[in-house]
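Contents: one structure, followed by commentary.
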Amino acid sequence: LLGSAGLAQAALYAAMLIPVTNIVVVSLMVVLVQKAEPRGVVRAILRDLGRNPLLLAVILGLVTNSFDITPIPVLNDMADLLGKAALPMMLVGVGASIRVRQLGEIGLPVIASIFGKMVLFPLVIVVAATALGVSELAMMVAVVYGAVPTAVSGYALAQQMGGDTHLMSSMITVQTALSFFTLPLTISLAQYFWG
């Protein structure tokens, strides 16, 4: 869609947003879901951040990149195989937790997640990117990045931290289904304004 320059920008955005998002979400889940004791909140947050695979992957990537470490072919191949299997396995987990009856009863949390992720978040990105004066390519990448549905890894995080996995799977499923319509529309609008 946006070529190698767009892909490089998307990778940069992901490297910035994944840690920030995970730190905020893990911290909120420790406080709201796990209801840690006030004295132990910081320790509980640090413990759960230290177990977060997305954060650990970003940190490992930054370390290997900073020290210009060349990937070991065997480890690189193994990580590639695991990476290819990760998304399908998470989708199986999401699919297994879906209750079809529950999808028919889309409640306020799912509607709020749709509005927040697929409407509000892209608008916030447009306002922030406009205020920062980013290039048209950067704006396009940011808008498309912001318009995609909630990541499937959110289900694994909810499961790991004692969240509502059925609600999370409903959010992922409904947002993904809607994205078949909203994502092409968002891309068309982004191309019209910044393409």
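The values are calculated or read from the model by the stated rules, or taken from the named source; none is laboratory data. Just so it is clear, the model here is predicted, and its values are computed rather than measured. When we count neighbours, we look across all protein chains shown, and the Cβ atoms used for this are built from the backbone with ideal geometry, even at glycine.
Overview of results
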{"quantity": "Residue check for V143: touching a Pro at 6+ places or on another chain (Cβ under 9 Å) and surrounded by 11 or more Cβ atoms within 10 Å (Cβ to Cβ)", "calculated": "yes"}
{"quantity": "Cβ-Cβ under 6 Å pairs, at least 6 apart or on other chains, the stretch 1-15 side closer than 21 Å to L189 by Cα and without any contact (Cβ under 8 Å) to a residue 40 or more places away in the chain, far side hydroxyl-bearing (S, T, Y) and assigned to a helix (DSSP H, G or I)", "calculated": "none"}
{"quantity": "Residue match in the stretch 38-55 (condition: in a loop (DSSP other than H, G, I, E, B) and either out of contact with any strand residue (DSSP E or B) (no Cβ under 8 Å at 6 or more places or on another chain) or over 15 Å from A158 (Cα atoms) (or both))", "calculated": "yes"}
{"quantity": "Any chance A129 is free of Cβ contacts under 8 Å to residues at least 12 places away in the same chain and either in a helix (DSSP H, G or I) or among the charged types (D, E, K, R) (or both)", "calculated": "no"}
{"quantity": "So T165, is it closer than 15 Å to M29 by Cα, of a type in the set (S, T, Y) and surrounded by 15 or more Cβ atoms within 10 Å (Cβ to Cβ)", "calculated": "yes"}
{"quantity": "Any hit, the stretch 97-105, residues being touching a residue at least 60 places away in the same chain (Cβ under 8 Å) and more than 20 Å from S179 (Cβ to Cβ)", "calculated": "yes"}
{"quantity": "Filter pass, T176 being assigned to a helix (DSSP H, G or I), surrounded by fewer than 21 Cβ atoms within 10 Å (Cβ to Cβ), among the hydroxyl-bearing types (S, T, Y) and over 16 Å from the mean Cα position of the chain (by Cα)", "calculated": "no"}
{"quantity": "Criterion (outside any helix (DSSP H, G or I), under 17 Å from the mean Cα position of the chain (by Cα) and not hydrophobic (A, V, I, L, M, F, W, C)) met by exactly one of G154, G163, G116", "calculated": "G163"}
{"quantity": "Residue under evaluation M118, criteria (1) surrounded by 19 or more Cβ atoms within 10 Å (Cβ to Cβ); (2) at pLDDT 90 or above; (3) more than 21 Å from L1 (Cβ to Cβ), criterion not met", "calculated": "(3)"}
{"quantity": "Where a residue in the stretch 54-79 is among the β-branched types (V, I, T) and its partner, wherever it lies, is in a helix (DSSP H, G or I), with Cβ under 6 Å and at least six apart", "calculated": "V58/I18; V58/P19"}
{"quantity": "Set G133, G163: member being out of contact with any Ser or Thr (no Cβ under 9 Å at 6 or more places or on another chain) and on the phi > 0 side of the Ramachandran plot", "calculated": "G133"}
{"quantity": "Cβ pairs under 7 Å, 6+ apart, first in the stretch 24-46 and farther than 13 Å from Q160 by Cα and modelled with pLDDT under 80, second part of a helix (DSSP H, G or I) and not acidic (D, E)", "calculated": "A36/V30; A36/A44"}
{"quantity": "Failed item, numbered, when V126 is tested on (1) surrounded by 16 or more Cβ atoms within 10 Å (Cβ to Cβ); (2) under 23 Å from L32 (Cα atoms); (3) among the β-branched types (V, I, T); (4) over 17 Å from the mean Cα position of the chain (by Cα)", "calculated": "(2)"}
